[in-house]
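Participant: Just dropping this structure here.
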Amino acid sequence: MSANLSTTWLGLKLPHPLMPGASPLVDDLETVAALEAAGAAAIVMHSLFEEQIRRETDETEMAMDAHSDTYVEARSYFPPRDMFPLGPESYLEHLKRLKSAVRIPVIASLNGSTRGGWIEFARAMQDAGADALELNVYDLGADPDESAAAAEERILRIVESMRKSVKIGFAVKLSPFYTSLANLARRISLAGADGLILFNRFYQPDIDVEALEVSPTLHLSTSSELLLRLRWLAILSPAVNVPLAVSGGVHDTLDVVKAVMSGAGAVQVVSALLQHGPERLKSLIQGFRAWLDEHDYVSVAQMKGSMSLARCPDPKAVERSNYAHLLQSWRKAQVRS
Amino acid sequence: MSRQHIMIDGNEAAALVAHKLSEVIAIYPITPSSNMGELADEWTARGRRNLWGTLPSVMEMQSEGGAVGAVHGAMQSGALTTTFTASQGLLLMIPSMYKIAGELTPFCMHVAARTVAAHALSIFGDHSDVMACRQTGFAMLSSGSVQEAHDLALIGHAATLRSRVPFLHFFDGFRTSHEISKIDELADDDLRALVPDELIREYRARALTPDRPVLRGSAQNPDTYFQAREACNAWYSACPGIVKELMGALGKRTGRNYRLFDYVGHPEADRVVIMMGSGSEAAHETVDWLLKRGEKVGILKVRLFRPFSIRDFVEAIPVSAKSIAVLDRTKEPGAIGDPLYLDVVTALREARDEGMRRTDPKVVGGRYGLSSKEFTPAMVKSVYDELAKEKPRNHFTVGIQDDVTRLSLPFDRAFDIEPADVSRAVFYGLGADGTVGANKNSISIIGDKTPLFAQGYFVYDSKKSGAVTISHLRFGPRPIRSTYLVQRAGFVACHQFSFLDRYDVLESAAPGGTFLLNSPVGPEAVWAQLPREVQEQIVEKKLRFHVIDALKVAGLTGMGVRINTIMQTCFFAISGILPRAEAIAAIKGAIEDTYGKKGADVVKKNFEAVDQTLANLHEVKVPREALATRGRPPMVAAEAPEFVKKVTALMLAGKGDLLPVSFFPVDGTWPLGTARWEKRNIATEIPVWDEAICLQCNKCVLACPHAAIRAKVYEPAVLAGAPAGFKSIDYKQTEYKGSKYTIQVAPEDCTGCSLCVEVCPARDKSNPKHKAIDMAPQRPIREAEAANFRYFLDIPETDRSKVRQDVKGTQFLEPLFEFSGACAGCGETPYLKLMTQLFGDRTIIANATGCSSIYGGNLPTTPYTVNRDGRGPAWANSLFEDNAEFGLGMRLALDAHRQHARELVTKLASQVGEVLAKELLETEAATEAGIAAQRKRVAALRGKLAGIKTDEARRLDSLADYLVRKTVWIVGGDGWAYDIGYGGLDHVLASGRDVNVLVLDTEVYSNTGGQQSKATPLSASAKFATAGKEIPKKDLGMMIMSYGHVYVARIAFGANDKQTVQAFLEAESYPGPSLIIAYSHCIAHGYDMAYGARQQKLAVDSGIWPLYRFDPRRAAAGEPPLKLDSAPPKIRPEEYLRNETRFRMSEKLDPARHRKLLNAAQAAAAERYAVYQQLAGVKVPHAPEQEEK
């Protein structure tokens, strides 16, 4: 008998933990159909950036309005503005299209910095049919006037207001760059979040040394990035009372196994799908199932959190000492070669 | 039946009916009719169905000739069809119109009547276009107001189905087509009542179909053509009766009763004016006023001009009429009289001969209103006054001062009849500040919320950057017939403080009225800042004076420079047209309507602006007298040429109406170099040069669309008298060793686009934010930099024969195209400027109508200019469609002159000197030095010829300049080259003659407002391709390369300026036809033009815009003629496309479809590149023979 892979994420009963993470993959309905066919447990839409919406709205307004009624021969230079869904509108339209195109749950994702933006857009997403939400806290901590405590408070206020304004489940996607991540994670869960996603990946600015310009880049993840997430899954899963998801660095079957063992209830995959196409998801699901079967696991529930800080045989290795150990072994390897 | 009140303009009023009653609509954009086609397309795109529940199909064609051809075919095949056009467009339709009428085809077209270009182009309104169609067999129906344009559109569509005579329904361009008015909308039932299905079935039964085949369009011979032509007579005889009946039916339904000839006035009038169009509304209003004062006058409005019913006409004129003035809005030079006059005279004579009328009034004809010249009650009154004279003047003009042939009637400019219960307001704004949009909004609000009738009319200046707009609004208890600008306004608003120094803003302010000024200075200090003229008018007219710092409020509320909402709020707060609270609520409602879809953010910002406005609006305590010593500065500098001071300056001040006939050239010939006298000061920020880190690459100079940043290299001694702040640095390279170098900005001419900053490659190494050129506020440095620029201009120009022919070298050459009115950051003008730098002193330009002819040749001031020797580009615009042929004609003439001059040199060789003659004929080189030497020889030749007293010597003297090489540049946009002018362009290039064609490819009809052309790329959204274009851009270069003998280059200065310069030099030197296709970024692409050069680079890097040069001369050298100048696509098209609104829009509308188009674009780019790459390896077996120039 095959293992029971079912899991619960943001109140949604899913047949297994694997789903494509927030990415441009879902922009195209054909790809989405392929993802569904590949067995995706849910679809996560790319993030609606509050900042981006404001900028795009302003830019489009400038481009379309700035020259309207300015010259005698041309009332405008574009088809009428109201024919084009702009800003959150186009996101919501797409959400509706996805909802009618697939049977699996659609999780919308949003990313912002102000409380007003979060709530307004989250409600609109709920109204447009989103089954759950991801809030991507894209926080660099670059404001010298904001203390760590204040930054955390800001997040908590957002979570509280969100809880009050939407009925559907939502998860908070965090970066690892907080002073007391475990404490913050717990407070977020107490403030009303239904799950935590570890971790978002920032666009990293690169430098063009010839042109003296900054060029933003985003490299695809590798399995090596998973390790950081495994540790934090292991630390947080016993510490917070909401489900966790992993995002970033899941590329093969063993990555999935490790993530679930560390405590992930949901596993999001992006880079592997961008590299190998939607079918990759199918092989990951099959591989995961096969691995459980081969190793006589009866369910995901049995596996989940088995290697967390609370249950793993050597918690110290998770928490601290493997840092020093790894660095030393790496140095040895360098010397040897 | 409930009918809605709607606030729309005349174009929309006509188009609403046309779209409802058509199945096929084929159009071509032309001002001022473009909106009708655009609206029809928009409605179809939105799924708005016609009366019978189907979606009309809207097709944009390549020319009006094409549109009418498609229309003709659609009707032959039984579809209800319409089109919209004007001016030259209508003239292009004439041959087909004869056919359509000859075949008795039900058809109604709508024309926003516009001037046909004669001594000059004009986009404005008169009847010269429609009057050129009166012989085609079309019925002609004239509307004089927005409501009429709506009602008579229905009459036209209904009458044509019954009468089978095709209808041309027209109304005055701009005055009616663009006037916003509150009208009663016709209901579908009205349309249905007048257009019964049965008539449509009959129409369809006559359609061509293989199921019941017939033949039409036969050729007939002398034996039958004549009789067959007369066979249609009965239909024409019946037509007026049908129109009359339908007008009656419409009147019954709506209460608006029209007649074929509508008479308004005293039943026993002794003086009657007869006219058509919007002017008759002003006349109507004046007649009402005169009647109240006991005068026996009347006005006859001609509605159905063709077929002309004499009986209806004479019955409409009171028998008491003793003198009649017929007013024509067109001019037929050399005719006995203008057309309506001739018809009236003939009609009255025939009526008398036929016994329809006994009295024999005196009839005079007069001309008014050409090119939307104002037609006011004062002018109407002067006509009636003239008619009261014993011997009224015939063939007069009214509205101008003709001091040459003295035809004009005098009129009293102060005459005013507007009633007190009509509120009138005038707003001076900048195009970019949103004033017009806000006023359109106010009209909607007032039209919706009150029973008042509303009218809005908007005047723009002819610049595309920093354009000034003047809005004229009226609100009153009755329908408004005042079809002229507001002359006395109870409310005047000036939205830009600087206008006070340029325009007589308060000229139209009525005594006791209100003046609202957007002022950076508060209510206490503002008075002292006003010029004396403004103070005087405020005091004399006892104006109430309010100020607001709208920019401050806009800044506080995140509105940027858009002060529209703020100024609109002020208007409502002060004018009292609506209760304040109600007005505020209505403004907010309108904001929600406009921006609702864009998210609450913009709405919130606007709401806040509204709320903040009231707190910042202050009334100024007006002193008893004007004490300012500062007067309004002169429009142009004292050192400007006489003509500029006498004529141009008045036009600039908005007083061109006052210039009498004698001030004007008789044939449309104008002097060059006038733009430099118009100091517009439109940039808030201008570039500032840091000489210390400058690399001296001159890229900024090349990129500047306005020639407002320039480079010179010069002897150090020049600096002796330089102003203190004049910047200069040692020139770095060897070619001008020991020289000084300066980059100088023209602060008052710069538009602030910052394209130069974007192309500047020089960054401060320790602070890369700072470049060798950065933007800085203009105001603090204006005077100092203006002095520097004047000094800079006087520095001797670089020796043309010594400059290096590369990007840097050519940018030391003097631009002979400067300070045009093109958009800030225009992507076309850098190419034109470069062309004038390289060849301007020996170039004739044939310029197709479009953006480049507007910023190149629209008065008051024009950018082409001359060098110190008085040489410069000679420029002319013929039409839109004939430009290639126009340029070829120039070439043929130059060649003929040159040929004849050479013959004469040979003939007179012994008298002028054999050596000189031989040199003149044989040694001219195409280089700068060669040209200079030849000019010297020509001067020497002239010296010799002076001593020879023969006709041949005189003839050679007049032709001698043609011995020096002259270049023809044929310039136009993609609308011309890809669409309307393509046939001619193809022929001219095939001719093999030495012409150079520059296609400024913006990939869309820019001048008329963003309609797609065949140059529009795959996936771009444009008007008539709302969802994104599905067909790839036409590969014009590839098509022309197939000839083999044409030099073809595809360039983009922002991607490769070196290749751009090379292409120009090669094209000009190639002794045959050359074609340059130049990527021109444009505001119609939808992004900040500062990034134009960057987008060009992305276009090239993505393979969307490959660069190449195809030079047939290389074939002669055994090399492949095609040289590919760009690398294979190295970035994905998205990286280019996503930055432009035109592409983003199609993505927003349908992401999946957009992705498919995107993939197609990528595939096409790769494929095209592969094909070019192969071609670039192909050597042709033998070279065509080249003739030396």
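Rule-based calculations on the coordinates, nothing more; no lab input. Only a predicted model underlies this, so the values are computations on that prediction, with no experimental measurement involved. When we count neighbours, we look across all protein chains shown, and the Cβ atoms used for this are built from the backbone with ideal geometry, even at glycine.
Participant: Please identify every one of the trypsin sites (Lys or Arg not before Pro) in the range B:949-1055 that sits in a loop by DSSP and has no more than 13 other beta carbons within 10 Å of its own beta carbon.
Facilitator: Filter output for the range B:949-1055: B:K949.
Participant: Now a separate question. For the range B:666-796, build the charge dipole from Cβ charges (+1 Lys, Arg; -1 Asp, Glu) around the Cα centre, then report which of B:H706, B:N767, B:I743 sits farthest towards its positive end.
Facilitator: Highest projection toward the positive end goes to B:N767.
Participant: Just to check I understand the Karplus step: with θ = phi - 60° and J = 6.51 cos²θ - 1.76 cosθ + 1.60, what whole-Hz values come out for the range B:953-961, glycine and proline as x?
Facilitator: With coefficients 6.51, -1.76 and 1.60, one gets 5, 4, 4, 5, 4, 6, 9, 4, 4 Hz.
Participant: Would you calculate the volume per residue, in Å³, of the smallest convex hull containing every Cα atom of the range B:213-297?
Facilitator: Output value, Cα hull per residue: 201 Å³.
Participant: Compute from the Cα atoms of the range A:16-85 the Rg and the Dmax, the latter being the longest Cα-Cα distance, and quote both in angstrom.
Facilitator: Taking only Cα atoms of the range A:16-85, I get Rg and Dmax of 18.8, 62 Å.
Participant: Which distance in Å, rounded to a whole number, links the C-alpha centroids of the range B:944-976 and the range B:759-791?
Facilitator: The two parts, judged by their Cα centres, are 44 Å apart.
Participant: Given H placed on each backbone N at 1.01 Å, which residues far from B:E1140 in sequence or on other chains put an amide H within less than 5 Å of it?
Facilitator: none
Participant: Using a Cα-Cα cut-off of under 28 Å, which lysines could be cross-linked to B:K944, ignoring same-chain neighbours fewer than 8 residues away?
Facilitator: Those lysines meeting the cut-off are B:K907, B:K918, B:K936, B:K966, B:K1189.
Participant: Using the 2.2 N^0.38 Å rule of thumb for compact globular proteins, work out how chain B stacks up: its C-alpha Rg over that value, please.
Facilitator: Its radius of gyration relative to the 2.2 N^0.38 Å reference: 0.98.
Participant: Tell me, B:K1097, B:K463, B:K604 in order of fewest to most beta-carbon neighbours within 10 Å? Display every interim value, and only then the final one.
Facilitator: Working: B:K1097 18, B:K463 25, B:K604 15.
Fewest to most other Cβ atoms nearby, the residues stand as B:K604, B:K1097, B:K463.
Participant: Counting helices only, and only those DSSP H runs with n ≥ 4, report the 222 nm mean residue ellipticity of the protein assembly as shown as the sum of -39,500 (n - 2.57) divided by its residues, in deg cm²/dmol to the nearest 500.
Facilitator: Details: 53 runs with 585 residues, N = 1526.
Here the helix-only value at 222 nm equals -11500 deg cm²/dmol.
Participant: Based on the Cα atoms of the range B:690-744, what semi-axes does the equivalent ellipsoid have, where each is the square root of 5 times one gyration tensor eigenvalue, given in whole Å with the largest first?
Facilitator: On the way: eigenvalues 68, 43, 20 Å².
Listed largest to smallest, the semi-axes of the range B:690-744 are 18, 15, 10 Å.
Participant: Tell me, what HN-Hα J-couplings in whole Hz come from the Karplus equation 6.51 cos²θ - 1.76 cosθ + 1.60 at θ = phi - 60° for each residue of the range B:416-428, using x for Gly and Pro?
Facilitator: Coupling constants for the range B:416-428: 9, 10, 5, x, 5, 8, 9, 7, 10, 9, 10, 10, 9 Hz.
Participant: Another question, then. Please work out whether the range B:196-340 counts as rounded, prolate or oblate from its C-alpha gyration tensor, where a ≥ b ≥ c are the square roots of the eigenvalues and a/c under 1.5 means rounded, while otherwise a/b larger than b/c means prolate and anything else oblate?
Facilitator: Prolate, because a/c is 1.5 or more and a/b exceeds b/c.
Participant: Under 5 Å between amide H atoms, partner at least 5 residues away or on a different chain: which partners does B:H770 have, H built in plane at 1.01 Å?
Facilitator: The list, which skips near neighbours in sequence, is B:D764.
Participant: Nearest 10 degrees, 0 to 90: what angle lies between the long axis of helix B:1092-1101 and the longest principal axis of chain B (Cα atoms)?
Facilitator: 70 degrees
Participant: Okay, next question. Considering all projection directions equally, how large on average is the shadow of the alpha-carbon convex hull of the protein assembly as shown, in square nanometres?
Facilitator: Here the figure is 70.1 nm², rounded to one decimal.
Participant: What is the distance, in nm, between label points placed 7 Å from the Cα along the Cα-to-Cβ direction at B:R212 and at B:R624?
Facilitator: Rounded to a tenth, the inter-label distance reads 8.9 nm.
Participant: Determine, for B:D461, B:D593, the number of other Cβ atoms within 10 Å of each Cβ, and report the residues in order from fewest to most. Please list the in-between numbers first.
Facilitator: Values: B:D461 19, B:D593 13.
Ordered by Cβ neighbours within 10 Å, fewest first: B:D593, B:D461.
Participant: Are there GluC sites (Glu not before Pro) in the range A:195-269 that DSSP puts in a loop and that have at most 16 other Cβ atoms within 10 Å, and which ones?
Facilitator: Counting only loop positions with at most 16 other Cβ atoms within 10 Å, the GluC sites (Glu not before Pro) in the range A:195-269 are A:E210.
Participant: Determine the principal axes of the Cα atoms in the range A:1-158, then give the extent along each, sorted from largest to smallest and rounded to whole angstroms.
Facilitator: Principal axes ranked by extent give 77, 45, 23 Å for the Cα atoms.
Participant: Here's something else I'd like to know. Just report the Cα centroid separation between the range A:177-208 and the range A:141-171, whole Å.
Facilitator: Distance between centres, Cα-based: 11 Å.
Participant: Taking H placed 1.01 Å from N in the peptide plane, check which residues at least 5 places from B:C494 or on another chain put their amide H under 5 Å from its amide H.
Facilitator: B:Y428, B:L516, B:L517, B:N518
Participant: Let's test the formula: R0 of 56 Å, r as the Cβ-Cβ distance of B:L291 and B:A776. What FRET efficiency results, to the nearest 0.05?
Facilitator: Between B:L291 and B:A776 the formula returns 0.35.
Participant: Measuring from label point to label point, each 7 Å out along Cα→Cβ, what is the A:R157 to B:E202 span in nm?
Facilitator: That separation, rounded to one decimal, is 7.6 nm.
Participant: May I ask for the longest run of chain A untouched by chymotrypsin sites (Phe, Trp or Tyr not before Pro) that are loop-located per DSSP and have at most 11 neighbouring C-beta atoms (other than their own) within 10 Å? It would help to have the intermediate numbers written out before the result.
Facilitator: Details: sites that count: A:F177, A:Y203.
Answer from the scan: A:1-176.
Participant: Can you pull the three principal axis extents for the Cα set of the range B:863-921, in Å, largest first?
Facilitator: 47, 30, 13
Participant: Right, another one. How about the range B:328-436: which GluC sites (Glu not before Pro) there are in a DSSP loop, with at most 15 other Cβ atoms within 10 Å of their Cβ?
Facilitator: B:E354, B:E390
Participant: Sticking with this one: Once each part is reduced to its C-alpha centroid, what is the distance from the range B:1026-1074 to the range B:145-195 in angstrom?
Facilitator: 46 Å
Participant: Expressed as a rounded percentage, what relative contact order does the range B:140-214 have, with Cα pairs under 8 Å and six or more residues apart?
Facilitator: Numbers: 60 pairs, mean separation 26.5, N = 75.
After rounding, I find 35 percent.
Participant: Against the globular-protein guess of 2.2 N^0.38 Å, express the Cα radius of gyration of the range B:543-666 as a ratio, rounded to two decimals.
Facilitator: Normalised Cα radius of gyration, the range B:543-666: 1.54.
Participant: What is the order of B:K737, B:K699, B:K907, fewest Cβ neighbours within 10 Å to most?
Facilitator: Values: B:K737 9, B:K699 24, B:K907 15.
So the residues, fewest neighbours to most, are B:K737, B:K907, B:K699.
Participant: Sticking with this one: Just to verify a number: FRET efficiency for B:E390 and B:E608, C-beta to C-beta distance, R0 = 56 Å, to 0.05?
Facilitator: So the FRET efficiency works out to roughly 0.25.
Participant: May I ask you to evaluate 6.51 cos²θ - 1.76 cosθ + 1.60, the Karplus curve with θ = phi - 60°, for each residue of the range A:131-136 and list the ³J(HN,Hα) values in order in whole Hz, giving x for glycine and proline?
Facilitator: 7, 7, 10, 10, 10, 9
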